[in-house]
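Quick notes on the structure that follows.
The values are calculated or read from the model by the stated rules, or taken from the named source; none is laboratory data. Remember, it's a predicted structure, so these values are computed and weren't measured experimentally. Here the Cβ is made from the backbone with ideal geometry for all residues, glycine too, and neighbour counts use every protein chain on show. We work out accessible area using only protein heavy atoms, side chains counted, and drop any ligands, DNA or RNA first. Shrake-Rupley method; radii C 1.70, N 1.55, O 1.52, S 1.80 Å.
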Amino acid sequence: MASPSGSPLRHLLGIDGMTPDDILSLLDLSETYVDMNRGPDKKASVLRGRTQINLFFEPSTRTQMSFELAGKRLGADVLNMAVASSSTRKGETLIDTAMTLNAMHPDVLIVRHYDSGAVKLLSEKVNCSVINAGDGTHEHPTQALLDALTIRRTKGRIGGLLVAICGDSLHSRVARSNIHLLNTLGARVRLIAPPTLIPAAADRLGVEIFTDMKKGLVGCDIVMMLRLQTERMQGSFVPSIREYFHFFGLDRAKLALAKPDAFIMHPGPMNRGVEIDSEVADDIDRSLIRQQVEMGVAVRMACLDLLSRSRPDGGRNTP
Ligand code: ASP
């Protein structure tokens, strides 16, 4: 994967702007790490001597853990900055925090922040590589990559598939990154949600929009469910949880409207009984949710590996 200048990519900030080749080469590299993670020896030395700092300003389970595991399996020294007990609580700005960490010569920063665009801003101030682990409602590129890897391994392809992204796409960085990726690789995307949870400019995203889930699911190969992101909502976007589940919660009856071999996905965390019923979430024949978590580690290893090649000396001796 290269920047427009042809040099290896230094940061991973979003899927928007990546070419099909960029995405496919990352997926191919991830495959090698899936195999390694399933074997007895899970340790490589690609990042030996490198320092990775995870900087998460929003809660995370899967993303933070898998980045930590990915860095450790590749041999890096991995530090998790405890944001809750750090100087950011004393009023230090994001940029001052970034500059402080930069002075310690990390090789890669993994950053999650509640403001859209904050990770890009930070990447412009530091010498090391930066990976966006989710910025506000903007992008979550490694989630879209792990979703793509999961889909490709299950269905054998991505191009030509019909993917329904159901739920709160208005506040979802996962939806945005997936829309870019799926469009780039030739899948068709449907957004299914009540009108209050559809992004205003959705018609410019290259998606079909359905406010009736029963119609939107017809013929779909993949049904991707999203959580109601209440932490980003000011005011009420749905009349009640009970009504939301009735019309937009995935259950057996609604799933039956998709293709008979359709699979269910969810980036987590799931809110059972809100956007998804336990019966379908836990159906190992239809749900790919556990595979998504597994693919997350491999994809993050591939991203770390690839970005570590971005400096001539691999970043080893750069101050
Ligand atoms: N874990 C995903 C994210 O950080 C999805 C979610 O939180 O609902 O965006």
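Brief remarks follow.
- Measuring between alpha carbons in the structure, the pairs from LYS72/LYS125; LYS120/LYS155; LYS90/LYS125; LYS155/LYS254 lying more than 28 angstrom apart are LYS120/LYS155.
- Over the range 35-123: Rg over Rh, Cα atoms, Kirkwood Rh: 1.01
- Between THR88 and THR19, the modelled labels are 3.5 nm apart [label points 7 Å from Cα along Cα→Cβ].
- C-alpha center-to-center spacing [the range 121-161, the range 213-236] in angstrom: 19 Å
- With the convex hull drawn over the C-alpha atoms of the range 123-233, the volume per residue is 117 Å³.
- Calculated FRET efficiency for the pair MET233/ALA201, C-beta based, R₀ 22 Å, to 0.05: 0.75
- Between 0 and 90°, nearest 10: helix 141-155 axis offset from the chain longest Cα axis: 60 degrees
- Estimated dipole of the range 76-155 in Debye, rounded to 20 [Cβ of Lys and Arg +1, of Asp and Glu -1, Cα centre]: 300 debye
- Residue separation of LEU79 and ASN271 scaled by 0.36 nm, minus their Cα-Cα distance, works out to 66.1 nm of gained length.
- With respect to the chain, whose longest principal axis is taken over its alpha-carbon atoms, helix 289-307 is tilted by about 30°.
- Length gained on full extension, GLU279 to ARG38: 84.0 nm, using 0.36 nm per residue less the C-alpha separation.
- Inverse of mean 1/r across different Cα pairs in the range 1-156, Kirkwood, Å: 16.5 Å
- Protection proxy ranking, peptides 128-139, 181-192, average beta carbon neighbours within 10 Å, highest first: 128-139, 181-192
- Over the chain, the alpha carbon radius of gyration divided by the compact-protein estimate 2.2 N^0.38 Å works out to 0.99.
- Rounded to the nearest 20, the Cβ-based charge dipole of the chain about its Cα centre (Lys and Arg +1, Asp and Glu -1) stands at 320 debye.
- Helix 62-73 axis, angle to the chain major axis (alpha carbon atoms, nearest 10°): 40 degrees
- Computed helical MRE - 222 nm, the chain, DSSP H runs ≥ 4 contributing -39500 (n - 2.57), nearest 500: -10500 deg cm²/dmol
- Per-peptide packing, taken as the mean over residues of other Cβ atoms within 10 Å, places 117-126, 153-162 in the sequence 117-126, 153-162 from highest down.
- GNM flexibility winner over the chain from ALA175, ALA103, ALA298 (Cα, springs under 10 Å): ALA103
- Centroid-to-centroid, using Cα positions, the range 267-304 and the range 52-95 are 22 Å apart.
- Mean projected area (nm²) of the alpha-carbon convex hull when the range 183-319 is viewed from all directions: 11.6 nm²
- The alpha carbon gyration tensor of the range 86-174 gives principal lengths a ≥ b ≥ c with a/c of 1.5 or higher and a/b greater than b/c, which makes the shape prolate.
- Figure note: PHE210, PHE67 ranked by solvent-accessible area, largest first, 1.4 Å probe, ligands and nucleic acids not counted: PHE210, PHE67.
- With all pairs of separate Cα atoms included, the range 191-272 yields a Kirkwood hydrodynamic radius of 13.7 Å.
- Of all accessible heavy-atom area on the chain, the percent that carbon and sulfur account for (1.4 Å): 54 percent
- Dipole axis of the range 101-189 (+1 Lys, Arg; -1 Asp, Glu on Cβ), positive-most option in SER172, THR137, GLY160: GLY160
- Solvent exposure of the chain, expressed per residue, is 43 Å² of accessible area, with all protein chains present and a 1.4 angstrom probe.
- For the pair ARG157 and GLU208, a Förster radius of 22 Å applied to the C-beta separation gives a FRET efficiency near 0.65, rounded to the nearest 0.05.
- The range 82-126 - charge dipole about Cα centre, Lys and Arg +1 at Cβ, Asp and Glu -1, debye rounded to 20: 120 debye
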